[in-house]
Each structure stands twice: as structure tokens, then as C-alpha cells.
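Structure record follows, encoded as C-alpha cells.
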Amino acid sequence: MVYIRGQRQDYDDWRELGNEGWGYRDVLPYFKKAENQHRGADEFHGIGGPIDVHDQFERNELCDAFFAAAREVGFRLTKTLMGAIVKARLITSSLPTDGAVPVLRLDTFRPARRRVNLTILVNAQATRLLLQDRQVVGVEFIKDGQRFRVNARREVILSAGAFNSPHLLQLSGIGPAERLRASGISVLHDLSVWAKASKTILCQLSSTNARSRSH
Ligand SMILES: Cc1cc2nc3c(=O)[nH]c(=O)nc-3n(C[C@H](O)[C@H](O)[C@H](O)COP(=O)(O)OP(=O)(O)OC[C@H]3O[C@@H](n4cnc5c(N)ncnc54)[C@H](O)[C@@H]3O)c2cc1C
């Protein structure tokens with residue numbers, strides 16, 4: 001599994017849109033805190049956190065050729081994907097764990113479950129965000145066939161994934177007015193949700209030989 005964070009500009013864009021506390025400099029300390037970087041700590045990386053991150057152990061000729069080709073056409077190889085420069089970047093393959101399926105050390109997070117200010121509900125499906133004057137103030141969800149509402153004292157963080165987050169926003173009346181109306185949803189906030197979703201080009205290299213199999 002590749003250890004990768006969001007792009008610096010994405011966080012800074014969020015902050016510039018008015019989301020205080022979500023700029024790159026704001027979130028970086030948390031990324032560092034979560035990480036146990038085997039190269040050691042630096043400006044962008046931390047040690048002692050629950051997520052082990054280290055370079056790929058096995059070298060692969062195909063990867064080497066890929067990097068060489070990229071360098072040839074003008075890409076610059078960086079030591080880290082998570083650094084300041086996100087243009088002209090190239091993956092140096094930071095992979096966690098030792099060849100086994102990478103697992104986040106969940107036991108590290110277990111103590112957090114005992115926090116008095118944390119409640120975890122499983123098998124609960126968020127169905128709608130609750131809005132007041134275009135401000136999200138709570139969440140509606142279904143659990144065991146029953147509908148519930150929770151109100152937020154400070155903020156609601158929506159992290160339902162790349163597809164379900166915009167879906168939930170749209171179900172809540174936040175989205176492109178035309179599309180919402182076409183689906184019979186009352187428009188509470190005409191916003192081009194997901195219009196800025198960027199394209200990612202993923203290049204997968206596969207090779208098999210007697211010694212190793214790499215992706
Ligand atoms: C095949 C594949 C390989 C990948 N490999 C890598 C990799 O090597 N390295 C890497 O960094 N990233 C990788 N990614 C991307 C990575 O998985 C995502 O970027 C990451 O999981 C996003 O986290 P998230 O918390 O935003 O969303 P998610 O991990 O998608 O979590 C969203 C959660 O919300 C829940 N949910 C959705 N809707 C609702 C609802 N209405 N009510 C309640 N819960 C809801 C979902 O069940 C899910 O548990 C990969 C993705 C895929 C598909």
C-alpha cells in the first residue's frame with residue numbers, strides 16, 4: 001500500500017475558501033503525529049506515530065526504467081511525495097510494513113474509544129446533513145431501522161468517501177441546483193459540489209520474475 005497524503009495546494013485551497021484550520025500548515029502536524037517514518041523525522045515527516053512508513057524494500061528493474069524514462073522527459077525525482085513541491089513529482093515508493101498486507105496499528109487507536117467526548121456508532125447510515133441558514137448544524141442517520149438526529153455544537157466533518165460525500169451533500173440539498181431539481185431535491189445551497197474533482201493518473205507497473213512480483 002502506498003502511503004500518500006493530499007496535495008498541499010488542495011488543503012490551502014480549502015483554507016482560502018474560508019475553512020480555517022484546514023490549510024496545509026494546519027494539517028501537517030497531524031500527518032506527522034500519525035506517522036512513524038523509518039527514514040527519520042524531517043520537516044514533512046514524523047516518527048513515533050501509529051502508521052509505519054518506509055521505502056519499498058525490493059528494487060525492481062521495471063520501476064528503475066520507469067523513473068529513468070520520467071527523468072529523461074524532464075520530471076524531477078523528489079525524495080518525498082508529501083513535500084512542498086507537487087509539480088514535477090515522482091513516486092519514490094514509500095510503503096508501510098514488511099511485505100505483509102499493510103495494517104494500520106488499530107490497537108494504537110483503541111484507547112481513544114474510551115474518551116468521554118467520543119461516541120462510535122457502527123451500522124449507522126447518514127442520510128442527510130441538517131442545515132440552518134446554509135450552515136450544517138447536525139446529521140440525520142438511520143440505525144436499526146430507526147431515524148435519529150444529532151446536533152453539532154461546533155462542526156460536522158463529512159468523510160463518507162469520494163463518491164458518498166458529494167452524494168450525501170446532494171441528498172441534503174447542497175449541490176448543482178439543476179441536478180438537484182431534476183432529482184426532486186429542494187435546493188438549499190446551489191454549489192458545484194464535485195465539479196472540481198481532479199483526475200488522477202495512476203500508472204501501475206507489473207512484472208513477475210522468479211524472485212519477486214511487483215506492482
Ligand atoms: C483499490 C484502491 C486502492 C487504493 N490504494 C491506496 C494506497 O495504496 N494508498 C493510499 O493512500 N490510498 C489508496 N487508495 C485511496 C484510499 O483508499 C482513499 O483515499 C481513502 O480511503 C479515503 O479515505 P476517506 O476516509 O476519505 O474515505 P473512505 O475510506 O472511502 O471511507 C468512507 C467511509 O464512509 C462510510 N460511508 C459512506 N457513506 C456513508 C453513509 N451515508 N453513512 C455512514 N457511513 C458512510 C463508508 O462505508 C466508509 O467506511 C486506494 C483506493 C482504492 C479504491
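Quick note: the coordinates plus some simple rules give every number you see, no bench work behind them. It should be emphasised that the depicted structure is a prediction, and the values quoted were computed from it without experimental measurement.
Over the range 124-190, what number does the Rg to Rh ratio reach, with both radii from the alpha-carbon atoms and Rh per Kirkwood?
On the way: Rg = 11.9 Å, Rh = 12.3 Å.
That ratio is 0.96, to two decimals.
Quick one: of the DSSP bridges fully inside the range 124-190, what percent are antiparallel, nearest 5?
Details: 14 of 16 bridges.
Around 90 percent antiparallel, to the nearest 5.
Taking every pair of alpha-carbon atoms in the range 1-45, give the share separated by more than 17 Å as a whole percent. Let's see the in-between values first.
Values: 361 of 990 pairs.
In whole percent, the share of Cα-Cα pairs in the range 1-45 beyond 17 Å is 36.
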